[in-house]
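The values are calculated or read from the model by the stated rules, or taken from the named source; none is laboratory data. For clarity, every value in this text was computed on a predicted model and none was experimentally measured. Every residue, glycine as well, gets a Cβ built from its backbone with ideal geometry; the counts of neighbours run over all protein chains shown. These area figures cover heavy atoms from the full protein model, side chains too; ligands, DNA and RNA do not enter into them. Shrake-Rupley method; radii C 1.70, N 1.55, O 1.52, S 1.80 Å.
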Amino acid sequence: MMKLVSRLIAGTATAAVTVTMLVASPAAAAPGDATLTFAPTAVLNEGSCIDHAFTYAVELPEGTTSWLLDVRLIGPDNERHGGQLLGTFGGDAPSGSDGLQLCSLFEPIGTYTIVTTTEYKVGTEATVFGAEQIEGTFQAVRNAKSKISLKAKRKGAKVTATAKVAVSTGGTFGPVAAGGKVTFQKKVGKKWKKVARGKTSASGRVKAKFKARKGTVIRAVFAGAGEVLVGSGLPTPPAKSKTVRIR
């Protein structure tokens, strides 16, 4: 198998990250059709390179003497970001596995499209050139980061506290998925005591009401969740707000 892109990056670490969930294009039905499967998400952190794994299968007619599968990676900027050439010239079987290299120094975060074309030759017949196929897309993201803010208002002995949870997988922050668990706590001596609990709305907000005196110090704690902003299924880490003193 032959890599189309070779990169030398001084001082950067390489990382291989795999996601087990796979998606696939429709099954090949005609000679020359290719089917690729690959994970829907690639975690590409700063200062890293990864190989985004894929499996492939090429439908070839009996008697094929040579074939070529051109796998191209199109980035969110609509530019080509490398790819792979597979075929008889490299001794590759018509089905197998390989990877598409992404490096944070060159590849932006966003949606990538995998495009293929296939050509093959049977005996002394003319080479058959297949049509371009779009195999599907995947998201290149950073590891998720979480943050939570907290505001509180007191009316008599009752406090209304509002927390907002946001997450990011690279770039701007957006609201965490609905249903994220948030615990409101007040400080008693050197310990934190739970006073209320709630779940985030679609906007990432959660509101709670509880009794607390003026001067009480409170905070909100996000427990973490399994789904992030882009819906990739990557773990969202927990987070704690800054403390707020009730006025």
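Find how much the distance from Ala178 to Ala126 grows on full extension, using 0.36 nm per residue of separation minus their present alpha carbon separation; answer in nm with one decimal.
Fully extending the segment from Ala178 to Ala126 adds 13.0 nm.
Compute the distance in nm between two label points, each set 7 Å from the Cα along the Cα-to-Cβ direction, one at Val217 and one at Ser66.
Taking the simple label geometry, Val217 and Ser66 are separated by 7.6 nm.
Sorted by accessible area (1.4 Å probe), largest first, how do Lys207, Lys164, Lys121 line up?
From most exposed to least exposed: Lys207, Lys164, Lys121.
Mind listing the phi-derived Karplus ³J(HN,Hα) values for the stretch 145-150, rounded to whole Hz, using 6.51, -1.76 and 1.60 with θ = phi - 60°, and x for any glycine or proline?
The phi angles translate into 10, 10, 8, 9, 10, 9 Hz.
With a 1.4 Å probe and all protein chains left in place, how much accessible area per residue does the stretch 52-121 have, in Å²?
Value for the stretch 52-121: 40 Å² per residue.
Rounded, prolate or oblate: pick one for the stretch 52-168, where a ≥ b ≥ c are the square roots of the eigenvalues of its C-alpha gyration tensor, a/c under 1.5 means rounded, and failing that, prolate if a/b is larger than b/c, else oblate.
Taking the square roots of the gyration eigenvalues as a ≥ b ≥ c, the stretch 52-168 is prolate.
Ranked from the most accessible area to the least, with a 1.4 Å probe and all protein chains present, what is the order of Lys199, Lys153?
The most accessible residue leads, giving Lys153, Lys199.
Say a paramagnetic label sat at a point 7 Å from the Cα of Thr162, along Cα to Cβ; which residues of the stretch 180-201 have their backbone N under 20 Å from it?
It comes to 180-185, 196-201, nothing else.
Lys151 to Thr113: extension gain in nm, 0.36 nm per residue of separation minus the Cα-Cα distance?
Stretched out fully, the Lys151 to Thr113 stretch lengthens by 9.5 nm.
Mind checking which of Ala225, Gln139, Ala208 is farthest towards the positive end of the stretch 136-247's charge dipole, using Cβ charges of +1 (Lys, Arg) and -1 (Asp, Glu) about the Cα centre?
Farthest towards the positive end: Ala208.
For Tyr120, Tyr112, what's the largest-to-smallest order of accessible area, 1.4 Å probe?
Final ranking, largest accessible area leading: Tyr120, Tyr112.
Over the stretch 145-225, with the other protein chains present, what is the accessible area per residue in square angstrom, probe 1.4 angstrom?
60
Please give the length that would be gained between Ile246 and Lys207 if that part of the chain were fully extended, namely 0.36 nm times their separation in residues minus their C-alpha to C-alpha distance (nm, one decimal).
12.5 nm
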